[in-house]
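The values are calculated or read from the model by the stated rules, or taken from the named source; none is laboratory data. Note that the structure is predicted; figures quoted are calculated from it, not measured. Glycine also receives a Cβ, built like all others from the backbone with ideal geometry; neighbour counts cover every protein chain displayed.
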Amino acid sequence: MPPASTSASRQLLPVIPLAALFFAAFVLPLAALVAISLFRTPQFAELSLVQYLRFFADPFSVKVLTDTLWLGAEVALATLILAYPLALVYVASGAFMRTSITFLIMLPLLTSTVVRTFAWIVILGRDGIVNSAMLSLGLWQAPARLLYTWEGMVLALTQIQLPLMALPVINSVLRLDGNLMRAAEGLGASRTRIFFTVILPLTLPGAIAGWLLVFAAAATAFITQTLVGGGRIILMPSYIYQQAVGVQDWPFSAALSLIFTLAVTGIVFAIGALSRRYVRGVDAA
Amino acid sequence: MSDARGHSLDLSGIGHAFGATVALDEINLAVAAGELIALLGPSGCGKTTMLQIIAGFLRPSKGEVRFDGARVEHIPANRRRIGMVFQNYALFPHLTVFENVAYGLRARKTPKAEVTAKVEQMLGLAQMAAFARRLPGELSGGQQQRVALARALAIDPGLVLLDEPFSALDKNLRLDMQIEIKSLLKTFGVTSVIVTHDQEEALSMADRIVVLNKGRIEQIDSPDALYDRPTSLFISSFIGHTNLLRGVVTETDRVKLDSGPEIDLGRSVQRWRGTPVTLSVRPENIELGASERPGAIPVTIRATVPLGAVSVTEGVTANGEAVKISQARAATSARAATGSTAWLSITDTSRVSVFSTPVADSSNNQHRSI
């Protein structure tokens, strides 16, 4: 073996354990998934692309996919709208407030998804905090249905995924040169104008990074979707689970998984590429 | 376009404190319309606070700010019609040169055709017309500064504030830009305030210089007056280079220097006999002689440094005071050898400033320069 390649392979030595784990736990299952999806029947007979055709020919399945992607987009947008005011307050605050805000943002990350989701069930349930409060104040005549609704699910996911958006957005706003805002103000711009013409465009890479993280996390959030959305709302993660575990149709659920994975990563890459192309004068995140 | 279109600016009794720290105290300053003023002082002297108060980013704890006689403390920065040029230029990195210059006009909802015409005019004046579609990141420091000034002037400001505008530029480019920007500001007739810690910048740009020290105004004067007639020891060592020589008053017009000779100043020093004083003598006001003369100070030559047009020689007096002598270079062809003894005499005693020696100041080697 030539000496150069010896040293190169020595350099790669420390990566081998991780690479092996990645291969065994990710590449192999993915390959298995691809293989399984190519069978025509749940009994693994006959290779064909029929599972994919079945998906795209079935308006119900396509609707489940678009609903799921839409949920991710909606939650990501909601966290984005909440993250900016938070970031602006953060930047304007002193050291103590900053620490407190950081702690409050990180707090949800320190508890399990299941716990956070059950908290939302307690809040939104028929006898939950919101309903009891509104009823006892006499503002509502009958308990409203909050749990097992689309809006309830968006609300819970927005709270749960907010840290993924808030951290990159705060980081981008922090890195802005304060003189840019002062320059805009001196030139006569109102606060709203400064936000839309200076702060937003210059922090777009952070916002896009956060949007993509939340989008992917919310679209694939099996536990929260299932517990807060309930059985009525069928989205891709529960659909896959139902086809695999309930119907025992492994080839179809494998195809669903791959289509879903490709759709989410496709959107992530497309938006990443678009932002690199159209966001100018700012370091891409 | 040469009429003064700027505001007059009046500051009276301005004071500002950050918590317990007093940043500015009893600031009184009247700036005439079209005048170019420099706020000069070491870092922490309060000049940036003063700029922020004028700009409206900061409300003074006390005192009044007037533009053309009308009080403006309650008017927010975005309605003061002030053009600002920042140290790092603060150009919007995501907007083209054209869009940067147009920003203030668009914020004022100026009609589109008018915006285009005004921006083109400004870019023409700043010699940046060819770069209209570039992003700031694609420009050199000098070009960015031209754009920053064009952006500030595009809104027809009554007042332009420049915060350390040249400190990010190469030394070679600095003087060129100073001349160019001074002439642009004068063409516009706009009242301008430059904040700087660099005395050369203040001397080359300003009609009058306001020297700030520890939150107070030390002196307001023209560059020449500040250099020739400093009113305090601080100013004499802050503006230009100087030599501080200690002595004691012996007669109304005579000072016996600690380094030996008695100097006849040719005028009354207006202090009692026996008062310790410090004389400030500019390096170019000293002659270097090879032989002993009456009234000459003996020094040991430490080094001679050629600085282009002049050469600077440093000597040390018998009592340890370092003295710099600046001479036209031809004169130093017969250069004093390092380690040799030479005799210094003051060329023009009328240009020597006399200050009482600060009581607390006990060190005897007080040569300071910026």
Residues of the stretch B:309-330 being surrounded by 13 or more Cβ atoms within 10 Å (Cβ to Cβ), under 16 Å from B:Asn285 (Cα atoms) and either of a type outside the set (Lys, Arg) or not assigned by TED's automatic domain parsing to the domain that holds B:Gly260 (or both), in sequence order, are B:Val310, B:Ser311, B:Val312, B:Thr313, B:Glu314, B:Gly315, B:Ala322, B:Val323, B:Ile325, B:Ser326, B:Gln327
task: Tell me, please, whether a residue that is among the polar types (S, T, N, Q) and either within 30 Å of B:Thr278 (Cβ to Cβ) or free of Cβ contacts under 8 Å to residues at least 12 places away in the same chain (or both) can be found in the stretch B:149-171.
output: no
task: Examine the stretch B:266-283 for a residue that is surrounded by fewer than 19 Cβ atoms within 10 Å (Cβ to Cβ), closer than 15 Å to B:Ile346 by Cα and touching a helix residue (DSSP H, G or I) at 6+ places or on another chain (Cβ under 9 Å), and state whether such a residue exists.
output: yes
Only one of A:Ile170, A:Ile129 is buried (at least 18 other Cβ atoms within 10 Å of the Cβ) and in contact with a helix residue (DSSP H, G or I) (Cβ under 8 Å, 6 or more places away or on another chain), namely A:Ile170
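Is it the case that some residue within the stretch A:91-98 is touching a Lys or Arg at 6+ places or on another chain (Cβ under 9 Å), without any contact (Cβ under 8 Å) to a residue 40 or more places away in the chain and part of a helix (DSSP H, G or I)?
The first filter runs over the stretch A:91-98 and keeps only residues touching a Lys or Arg at 6+ places or on another chain (Cβ under 9 Å), leaving A:91.
Of the ones still in play, those that are also without any contact (Cβ under 8 Å) to a residue 40 or more places away in the chain are none.
Within the stretch A:91-98 (the criterion being touching a Lys or Arg at 6+ places or on another chain (Cβ under 9 Å), without any contact (Cβ under 8 Å) to a residue 40 or more places away in the chain and part of a helix (DSSP H, G or I)), the answer is no, since none of the residues qualifies.
Please verify whether the stretch B:46-56 includes one or more residues that are in contact with a helix residue (DSSP H, G or I) (Cβ under 7 Å, 6 or more places away or on another chain) and surrounded by fewer than 23 Cβ atoms within 10 Å (Cβ to Cβ).
Residues of the stretch B:46-56 that are in contact with a helix residue (DSSP H, G or I) (Cβ under 7 Å, 6 or more places away or on another chain), as a first pass: B:55-56.
If we keep only those that are surrounded by fewer than 23 Cβ atoms within 10 Å (Cβ to Cβ) too, we end up with B:55-56.
Scanning the stretch B:46-56 turns up at least one residue that is in contact with a helix residue (DSSP H, G or I) (Cβ under 7 Å, 6 or more places away or on another chain) and surrounded by fewer than 23 Cβ atoms within 10 Å (Cβ to Cβ).
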The condition of being exposed (fewer than 13 other Cβ atoms within 10 Å of the Cβ) and in a helix (DSSP H, G or I) holds, among A:Phe103, A:Phe118, only for A:Phe103
Selection from the stretch B:151-166 of residues of a type in the set (Gly, Ala, Ser) and crowded, with 24+ Cβ neighbours inside 10 Å yields B:Ala152, B:Ala154
Checklist line | Any chance B:Phe18 is surrounded by fewer than 18 Cβ atoms within 10 Å (Cβ to Cβ), of a type in the set (Phe, Trp, Tyr) and either away from chain A (no Cβ under 14 Å) or at negative phi (or both) | finding: yes
Of those in the stretch B:84-94 that are crowded, with 18+ Cβ neighbours inside 10 Å and more than 7 Å from chain A (Cβ to nearest Cβ), the residue farthest from B:Val160 (Cα to Cα) is B:Leu91
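Does A:Thr113 qualify as being under 25 Å from A:Val268 (Cα atoms), in contact (Cβ under 8 Å) with a residue 24 or more places away in the chain and among the polar types (S, T, N, Q)? First the steps, then the outcome.
Numbers: under 25 Å from A:Val268 (Cα atoms): yes; in contact (Cβ under 8 Å) with a residue 24 or more places away in the chain: yes; among the polar types (S, T, N, Q): yes.
When the stated conditions are applied, A:Thr113 passes them.
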Filtering the stretch B:116-162 down to residues that are away from chain A (no Cβ under 14 Å) and among the β-branched types (Val, Ile, Thr) yields B:Thr116
Restricted to the stretch B:61-83 and to residues being of a type in the set (A, V, I, L, M) and within 14 Å of chain A (Cβ to nearest Cβ), the residue surrounded by the most Cβ atoms within 10 Å (Cβ to Cβ) is B:Ile82
Listed by first then second residue, the pairs whose first member lies in the stretch A:130-150 and is on the phi > 0 side of the Ramachandran plot, whose partner is small (Gly, Ala, Ser), with beta carbons under 6 Å and at least 6 positions apart or on separate chains, are A:Tyr148/A:Gly230
Wholly inside the stretch B:40-146, helices (runs of 4 or more DSSP H) that include 2 or more residues that are within 30 Å of B:Ala30 (Cβ to Cβ) are B:47-55, B:112-125
